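Bear in mind that the values in this text are calculations on the coordinates, not laboratory data. Every value quoted in this text rests on a predicted model; they were computed, and no experiment measured them. Positions of Cβ are generated from backbone atoms using ideal geometry, with glycine treated the same way; all protein chains shown enter the neighbour counts.
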Amino acid sequence: MGRIGPYSKGNAVAQVFSSRANQIVYFVLYGALVLIILSPTIWIVLDRSFYHTGQFYALEQPAPFSHAHHVGEVGLDCRYCHQGVETTASAGLPATEVCMTCHSQIFSDAPILAPVRKSLASGVPLVWNRVNSLPDFVFFNHAVHVNNGVGCVSCHGRVDEMPLTWQEMPLTMEWCLGCHRDPGPNLRPESAEFSMDWQPVGDRKKLASELMAHFHIDTRTMTDCYACHR
Amino acid sequence: MPVTDKDMREELAAAEPARFWRSLEERARTPAFRRMLDAEFPEIAERYATATDRRTALKLLGASLLMAGMGTAKAAEGIAPYVEQPENLVPGEPQFYASTLNERGYGMGVIVEAHEGRPTKIEGNPNHPASLGGTDPIMQAAAFSLYEPTRSRTVLKGNEVATWGAFQAEVAELRERALLQGGAGIGVVIGPNTSLTLQRLFSQLQQAMPALRFYLSDPLAGTPRPYAVLPHFDEAKIVVSLGADFLGEGPGRLAAARGFADSRRVRAGGQRTMSRLYCLESIASLTGAKADSHLLVRPSAMDETVARLATAMQSGTGDDAFTTALVRDARAAGNGLLFIAGERESAFVHATAQRLNQPSAGITHTLIAPVATAPADSGSLYDLVTDIGVGAITSLFVLDCDLMHSAPADLDVGAALEHVSSLYHHGLHVDETARKADWHVPATHDLESWGDLRAFDGTASIVQPLIAPLYQGRTIAELAAALTGDFVSSSLDLTRATWAQLDDAGWREALKRGVIADTAAPAITAPPLAEIANPVQEAAQIDVVLTPDPFLDGGTHAANLFLTELPRPLTKLVWGNAAELAPATAQTLGVATGDLIEIGIDKQVLALPAFISPGQAPDTVVVPLGFGRWTGEDSDTVGTNAFPLRRRGNAWLLAGARVKKGQGSGRIITTQEHHAMEGRDIVRDVPLAAIADEGPSAQEPPSLYPPYEMPEEAWGMSIDLTACIGCNACVAACQAENNSPVVGPDEMAVGHDMHWLRVDRYYAGDPEAPETVFQPVPCMQCEDAPCEVVCPVNATVHTHDGLNAQVYNRCVGTRYCSQNCPYKVRRFNFFQYQDFDEGSPLSLLMNPNVSVRERGVMEKCTYCVQRISAARIQSEISDQPIADGAVQTACQQACPTRAITFGNIKDKQSAVAREKTEPHSYALLEELGTRPRTTYLARVTNRPDEDKGNG
């Protein structure tokens, strides 16, 4: 009793694969080859994709804080809230009481500020979601950048145009090193550190070398591993 | 690696050993030692012997590939800013506060570093006389004991959780009843404590309840005497230690170490003389290791030897080389003579030292009245048990001492405590004593308490908290206040009341400086000499002598794993104690390292493993105290408790002890052979007279590498082997600063210690009476580093300022670098050593400026690159160069004798550059051409036989 297959008629030997089967084999084999050749490229592209770096993705926050309103419209200085930025590693996030210096007077009943009022009343801190996140083995210092001609906008983008804050730059090691190898083009004078819309005028190369000299920047130690990894 | 006696003696006879050796096994070159040397990480092969077969390997490979793809995007990290920003606190910036740590009741001044309110690192306070900026390992480990997970957390009534309020109500009721009878029936047991606040409260208590009795539990107490000696090493030309370990023990040891080292800091262009230290000792000690001439005397012969020495001092002739030289030098030194008697030596030795010291009183030393550590008429533990026995004590407060652990064997404290109708215990742990108690109140750690303490010279300082109590802890002062009827004052109120003479400005100044001005004890004139007859001690065949463990003290720090795992200075033992004995004694007893020794007194028999330790006195077995203490349900007891060997009047040298070889063997874990750099010219010494006037002509060995450019600072280090006393403070400081893990006994046993810095201890000469040399070995930061060229992933690279940087996030763990390192200074994370349980308080201990390394990553000394970075960032911001001394490595800062100098060697005026031009400066294994940035100053010796004309 032989088993009867779907295509068999009587006892004739069945055609197991159709004539199209060869094409599938070719497709799979060549496809795999192409994939292997392309995979480094895919890896490189994916690794730098916004999906992976997390760029331009505005995170939900406990209160929908808008830099566009506070910086762009009201015109607050960065340092009003981020007080540590000129002196310490961490720029610092404002304490609840800093928010409430203004919001006890204006928009004091706004429903969107309820979490802030609740924090002040209960003494429980607001927990914001970190937008610009670096791995734990990276030790970034705001003060040394801000005091040496790197403006806020250079890394954080035009926050005055962000209703909810997103990450503007890739924050990959490649991106950090780009500037550490050649900081000149990203430097600005002290007066423009906190400016959102400063643009260099005149010969950019000349300005870059002038600023490098002005801030005494020596790039040799800036690419030493321990500049960021300790 | 046990060495058999036969092996060793045969090999010793056959081989011509190197001058310096670290262990008898190394000296004898046993096959086991050779094997250890040949394997990079010895015993790792045995450890991973179970070979994985091909199928399993493929399965694992597939599974890991699959799981690698299953990762999900991480949720955003939360940031919680303050609600109200505390003044003076800037997130990310460390804060520094002066405080005081309690060591055996005395104050050690410290500066504590805190990050966002959590204390992480202890430094010495330069203003404090007991620290002078230096620290010891116990101080360095204080932050660990704060976060130590087995600490007691709640008030307990019986085994039930209770509250401080309930305890206060209980005390109030007790007080009401007791006041009617003047406090009769109440006893208070305290450990030694110099706090003036406590003394004030205790005397108030005594006034209110005259019948209340105090008992002092001081298991490590030495010989009582009516004065304390403050040595001045700068004036002493000849120092004679009569069994005194003034460098390794006692509340003034850091100051003594500083003074002693400074009197011996010989430099070509500076000081050209050094003091000479004669040491008479029966227990190998740090002081004995630094001695220029030392004599090993068994403890039972100490009195007799000191008596003979005293006679020789009078007659001017000695009967052995040691005494002859000593007498000759003493005559020449005139008033520059200083005798120091050991804490636990007999009254006769103290009286003799005092008599010999008298001509130089006020010059080489001053006397002060001893700093009070307990109420004047405190009873002993024997009195306590008697009083309980006759029913005189019905309510007992045991404040911060573990009686069950430290009681001698002829005192049944357990039964006595059962007799007390209400027992109140206060301590950091729910230990054996706490388990017997009706009430237990958790103690606060020093870093959580307000209080005050006095230093060895009487100087008072404030204990200032860095953090609010983590648990329901209370200070002894708060308990004492409750007994006096004060239920509201905090320990801050109580401390300020004691120092009411300080106004607000004075109080702030005292807090800021870390000492209260003008509180040092005044000098007293020498008390009349007591004539004490030389007691004749009966010599047993073998003397058994107890000694406090240098790190655990009498068990106070038993739960501190930093200290448990820190190699003991001389034996390099970790995770346990052993019966230490000299090679000849071991031969007499027929034991080898690891064999059990049975020590019997009456019916009590204690078995512990033997450890052959050159430098112990002949026919003597030394047993360290402080081990075997149980500190709560989640803790493991480590080592053997030797307190039960004690009898009344028989606290240190155990008369009537029987010693014999036992059955079987015990576990010995020692790091003395780990990381051996065998058979080379590693430690060097040079006689004082042979030091040239000029530095070495810098002859760099030839190299195929291009010459090293120094565009920026060139960091370098110099370690002075003359100043190093081998105390291991640097090792503890390195561990605390750099988030180094505790790996546990099993890992230590196979040589996986994670201390970036090790202090190698070398012996030279006769194994029965060797010379001892210490050599701290951090990473040499080679300019032409052998580790860098073999790394396949560029995880170890050179920086522009000459550091040999290790990039953890790049390291894939091939361990080639470690294989290629001639100095054996690289450490590998074989396991995830720092995988804290959820909510473990130990995660609060971490220094936020140093990465916590994970499994499979190589790590090593970085010259504290986080401190260099902080200084460089400041210099970039301020546009000022980094000043000499602005960067201090953790080991350098901790060193009590300032043996380590660090700085920019490119700046020829810097302290480190000057040290490197000294004639006795040398680089380790410099013939390899690695051009190490860390160099050494050879140990300068001042042996009596080196004197010109006396040879």
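Summarised as an ellipsoid, region B:543-665 has semi-axes of 22, 17, 13 Å, derived from the eigenvalues of the Cα gyration tensor scaled by 5 and square-rooted, with the largest first.
Show the residues, 5+ positions off or on another chain, whose built amide H is closer than 5 Å to the amide H of B:Val686. Amide H neighbours of B:Val686: B:Arg939, B:Val940, B:Thr941. Taking a ≥ b ≥ c as the square roots of the eigenvalues of the Cα gyration tensor of region B:603-671, is the shape rounded (a/c under 1.5), prolate (a/b larger than b/c) or oblate? It is oblate, given that a/c is not under 1.5 and a/b is not larger than b/c.
Each principal axis of the Cα atoms in region B:64-193 has its own extent, and those three values, largest first, are 76, 44, 38 angstrom. For B:Gly379, the residues whose amide H sits under 5 Å from its own are B:Phe214, B:Tyr215, B:Leu216, ignoring neighbours fewer than 5 places away on the same chain, with H placed 1.01 Å from N. Amide H contacts under 5 Å for B:Arg853: none, restricted to partners 5 or more places along the chain or on a different chain, H placed in the peptide plane at 1.01 Å from N.
Applying the Karplus relation 6.51 cos²θ - 1.76 cosθ + 1.60 with θ = phi - 60° to region B:256-265 yields 3J(HN,Hα) values of 5, 4, 5, x, 5, 5, 5, 6, 10, 8 Hz, where x marks Gly and Pro. By the rule of a C-alpha distance below 19 Å, with chain neighbours fewer than 8 residues away ignored, the aspartates and glutamates paired with B:Lys121 are B:Glu93, B:Glu103, B:Glu113, B:Asp136, B:Glu148, B:Asp446, B:Glu448, B:Glu565, B:Glu737. With helices as the sole contributors, the protein assembly as shown gives -7500 deg cm²/dmol at 222 nm; each DSSP H run of n ≥ 4 counts as -39500 (n - 2.57), and the sum is divided by every residue. One equal scatterer on each Cα of region B:789-882, no solvent, Debye formula: the resulting log10 I(q)/I(0) at q = 0.12, 0.18 Å⁻¹ is -0.49, -0.94. Semi-axis lengths, largest first, of the ellipsoid equivalent to the protein assembly as shown are 55, 40, 34 Å, with √(5λ) applied to each eigenvalue of the Cα gyration tensor. Counting neighbouring Cβ atoms within 10 Å and putting the fewest first, the residues B:Cys811, B:Cys730 line up as B:Cys811, B:Cys730.
Reported to the nearest whole Å, the Cα centre-to-centre distance from region B:347-376 to region B:887-918 is 36.
Between the alpha-carbon centres of region B:228-244 and region A:55-98 there is a gap of 63 Å. Rounded to the nearest whole Hz, the Karplus-based 3J(HN,Hα) values (6.51 cos²θ - 1.76 cosθ + 1.60, θ = phi - 60°) of region B:491-507 follow the sequence 5, 5, 4, 5, 5, 5, 5, 5, 9, 4, 5, 8, 6, 4, 5, x, 5, with x at glycine and proline. In plain terms, the residue of B:Cys861, A:Cys102, A:Cys152, A:Cys179 with the fewest other Cβ atoms within 10 Å comes first and the most crowded comes last, giving A:Cys102, A:Cys179, A:Cys152, B:Cys861. Computed about the Cα centre, the dipole magnitude for chain B is approximately 740 debye when only Lys and Arg (+1) and Asp and Glu (-1) carry charge, each at its Cβ. For B:Lys157, a cut-off of 26 angstrom between C-alpha atoms picks up these lysines, skipping any fewer than 8 places away in its own chain: B:Lys436.
The convex hull around the C-alpha trace of region B:228-368, projected and averaged over every direction, spans 8.0 square nanometres. Can you give the percent of C-alpha pairs in chain A whose distance is more than 24 Å? Summing the P(r) of chain A above 24 Å gives 61 percent of all pairs.
Normalising the average separation of contacting C-alpha pairs (under 8 angstrom, six or more residues apart) by the number of residues puts the relative contact order of chain B at 15 percent. Among B:Asp753, B:Asp319, the order by Cβ neighbours within 10 angstrom, fewest to most, reads B:Asp319, B:Asp753. Angle of helix A:204-214 to the longest C-alpha principal axis of chain A, folded into 0 to 90 degrees and rounded to 10: 60°. In chain B, the C-alpha radius of gyration followed by the widest Cα-Cα span (Dmax) gives 28.3, 90 angstrom. Please work out the Cα center distance from region B:578-604 to region B:471-545, rounded to the nearest Å. Centre-to-centre (Cα) distance: 39 Å.
Converting phi to 3J(HN,Hα) with the Karplus coefficients 6.51, -1.76 and 1.60 and the offset θ = phi - 60°, region B:467-474 yields 8, 5, x, 5, 10, 7, x, 9 Hz in sequence order, with x at every glycine or proline. Straight-line cross-link partners of B:Lys237 among the aspartates and glutamates, defined as a Cα under 13 Å from its Cα and at least 8 positions apart when in the same chain: B:Asp262, B:Asp292, B:Asp329.
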